[in-house]
Amino acid sequence: MPTRQTDIAVTVVYEEREHVLRTYTHEYRSLMALIYDKLYMVNFGDCKGIGRCGTCHVRLPEYAEETLLVRSGNEPNTLGKITGVLPTSRLSCHIPIDERLHGLRVEIMQDEEPGLY
Ligand code: FES
């Protein structure tokens, strides 16, 4: 039985400008892939989602669902190597596109020295 698709609108803040990105459940494999596709950013998502570069660092709002704030895989290690990390920081390549993102305001955090490899 196919899973139900939900329309999702997430506001992404990049260089002090807000962009409302519209998608639906699992259209992209991650929030990083959605942002990369829609905003054409330089130095973003450099490792294409394997969690090593840290260039897809985002800050979620404190009101985000608690499960969205749980870091997974190599996120703690990678986030530990970059600057500006906050308790609500995540690697957007580790965030799936699902209904928990709907209505959130997500801020892209650019490290001064992107690309950890
Ligand atoms: S794309 Fe490299 S850590 Fe997310």
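The values are calculated or read from the model by the stated rules, or taken from the named source; none is laboratory data. Fair warning: this is a prediction, and the values are worked out from it, not measured in the lab. Note that each Cβ is placed from the backbone with ideal geometry, even for glycine, and that neighbours are counted across all protein chains shown. These area figures cover heavy atoms from the full protein model, side chains too; ligands, DNA and RNA do not enter into them. Shrake-Rupley method; radii C 1.70, N 1.55, O 1.52, S 1.80 Å.
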Give me a comma-separated list of calculated 3J(HN,Hα) values for the range 34-45, in order, Karplus coefficients 6.51, -1.76, 1.60 applied at θ = phi - 60°, integers in Hz, x for any Gly or Pro.
4, 5, 4, 6, 8, 10, 6, 8, 7, 6, 10, x
Residues of the range 7-108: accessible area per residue at 1.4 Å, in Å²?
52 Å²
Surface/4 estimate of mean projected area, convex hull on alpha-carbon atoms of the chain, nm²
7.1 nm²
Give me the percent of accessible area attributable to carbon and sulfur for the chain, probe 1.4 angstrom.
47 percent
The long-range amide H neighbours of residue 106, using H built 1.01 Å from N in the peptide plane and a cut-off of under 5 Å, are 11, 12, 13
How do 77-83, 38-44 rank on mean C-beta neighbours within 10 Å, highest first?
77-83, 38-44
Please give the FRET efficiency for residue 81 paired with residue 19, using the beta carbon to beta carbon distance and R0 = 25 Å, rounded to the nearest 0.05.
0.35
Over the range 43-96 - Rg/Rh using Cα atoms and the Kirkwood inverse-distance radius:
0.92
Listed highest first by mean packing, meaning other Cβ atoms within 10 Å per residue, what order do 65-73, 86-94 come in?
86-94, 65-73
Take the chain, connect every pair of alpha-carbon atoms lying under 10 Å apart with a spring to form a Gaussian network, then pick out the residue of 21, 101, 31 with the largest mean-square fluctuation.
21
Using helices alone, what [θ] at 222 nm do you get for the chain, with -39,500 (n - 2.57) per DSSP H run of 4 or more residues, divided over all residues and rounded to the nearest 500?
-3000 deg cm²/dmol
Given the Cα-Cα distance of residue 70 and residue 39 and 0.36 nm per residue of separation, how much length would full extension add, in nm?
8.6 nm
